[in-house]
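The values are calculated or read from the model by the stated rules, or taken from the named source; none is laboratory data. From a predicted model like this one, the values you see are computed outputs, not experimental measurements. FYI the Cβ positions are ideal-geometry reconstructions off the backbone, even for glycines, and counts take in every protein chain you see. The protein model used for the area step is the full one, side chains on, heavy atoms only, and it has no ligands, DNA or RNA in it. Shrake-Rupley method; radii C 1.70, N 1.55, O 1.52, S 1.80 Å.
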Amino acid sequence: RLVRSLRAKSNKEQQLQEATEHLSTSKQFAEEMQDLIEQIEYEKEQAEAAKHTKKNRLVSGLIQGHKQEIKAAELLFRLQEELRIVKGKLEESLIEISQTEMLIHNTKDDIKGLSE
């Protein structure tokens, strides 16, 4: 019974370590998505302003992954679509973070229970 209890505790500790690493990765991803959202929103503002000027084209690196010149109206449309996608990824990531935090909390409780 003692061996089984020690094995269970060891498994829980391994699960806790993996969850903690996953939480760190998920938080970093969420931060990157938030930064990308801010970049997209900034470029959207620039594209909106450029639509109403003679300079009707802008250079953007957010759409193709490399810098390219594109008409402001087209850029605005593409940025809005990209923003929708990135916000969805951020939302999924935040849900995953919450679930992982709950798993960590529950696993710590399990370890504490096995230690008693």
inquiry  = Under 7 Å between Cβ atoms, which residue pairs at least 6 apart in sequence (or on different chains) link something in the range 1-23 that is closer than 11 Å to Asp110 by Cα with a partner that is open to solvent by 100 Å² or more (accessible area, probe 1.4 Å)?
reply    = Leu16/Lys108
ask   = Is there a residue in the range 101-111 that is at pLDDT below 95, open to solvent by less than 60 Å² (accessible area, probe 1.4 Å) and in a helix (DSSP H, G or I)?
value = yes
inquiry  = Given the condition closer than 23 Å to Thr25 by Cβ, of a type in the set (D, E, K, R), in contact with a Ser or Thr (Cβ under 8 Å, 6 or more places away or on another chain) and surrounded by 14 or more Cβ atoms within 10 Å (Cβ to Cβ), answer yes or no: does some residue in the range 41-58 qualify?
reply    = no
query = Across the range 68-91, which residue is surrounded by the most Cβ atoms within 10 Å (Cβ to Cβ) among those that are under 30 Å from Ser26 (Cβ atoms) and of a type in the set (Lys, Arg)?
reply = Arg78
key: The listed residue being part of a helix (DSSP H, G or I) and either without any contact (Cβ under 8 Å) to a residue 40 or more places away in the chain or closer than 18 Å to Lys44 by Cα (or both), out of Leu76, Leu90, Leu94   = Leu76
query = Which of (1) in contact with a strand residue (DSSP E or B) (Cβ under 8 Å, 6 or more places away or on another chain); (2) surrounded by fewer than 14 Cβ atoms within 10 Å (Cβ to Cβ) is the odd one out, the single condition Ser5 does not satisfy?
reply = (1)
